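Throughout, read-outs are computed from the coordinates displayed, never taken from laboratory work. What you see is a predicted model; the values in this text were computed from it and never measured. Using ideal geometry, Cβ is built from the backbone for each residue, glycine included, and neighbour counts are taken over all protein chains shown.
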């Protein structure tokens, strides 16, 4: 059956003049247009789903299907990498109603986890149009199509997502999300806070770093300064001694955006932005 199928494929391809391949193996199929009416599978196993994760619909590679007997879509395993030359990155969500009516929420992005046999949403970012009470449908045009962003999360012991933040038209509502069960009211002022208090926290002075190793070339004293997003610096941490130029490790400081390394009372590196809750830095400076 397999040999017969290969023979048919080669015969058709040869007739169309789109491929030259050996009978025993079809290595390359080159066409000007490829039409897939049902399914497209890119997989080293030939199966659309990873073994053991069929119910989760975790693709083995790339799986695409049309709307022939259920929902269509595109599933991609691992990273989705996009690139363009001399053109800005541009991802769009397009959605419309069959009736031609305006769709108020063209699309959303959600983060999900597998729980109780289904994918469950944890957090959502949704784009949406203004309400008719704000800008009537008859007043919309190709040069006038305003919208806003809605940020939602699921809360403990609550079956529906609550709106944490609404941003649009130069205004933002931020708060508890329980307004009428539907979220936050749309803001009239630049910033509106609903419920709770605004609390300002100063960035704490870091604790002393830990010397994990040194090169033994001469004694030094090290300390760390934390820097917040506005560039304000904390006092230096307590110092720690090393027998030479050292590799240091220290904990992140809540609110700290970057760090400055102080050696023998002088800043020698930074502001440093290092990933992870544990920062690791090696002294390779000659100053």
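Below are the figures for this structure:
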quantity	calculated
Gaussian network model of the chain, Cα within-10 Å springs - most flexible of 59, 51, 235	235
Listed residues 253, 198, 62, most fluctuating in the chain (Gaussian network, C-alpha, under 10 Å)	253
Cα-Cα P(r), region 195-287, percent of pairs per 5 Å interval	3, 14, 26, 24, 15, 8, 4, 2, 1, 1, 0, 0
Shape call, region 29-120: gyration tensor on alpha carbons, a/c limit 1.5	rounded
Label assignment, percent of Cα pairs over 35 Å apart derived from the structure, set [x] 32; [y] 28; [z] 54	[z]
Sequence-separation-based contact order of the chain, relative, with Cα cut under 8 Å and 6+ spacing, percent	7
Exposure proxy order (Cβ contacts within 10 Å, fewest to most) of 86, 27	86, 27
Degrees between helix 2-16 axis and first principal axis of the chain (Cα, 0 to 90, nearest 10)	80
Which of 155, 148 has the fewest Cβ neighbours within 10 Å, and the rest in rising order	155, 148
Label-point separation in nm, residue 44 to residue 90, each point 7 Å along Cα→Cβ	3.6
Sorted by Cβ density within 10 Å, fewest first, the residues 89, 154	89, 154
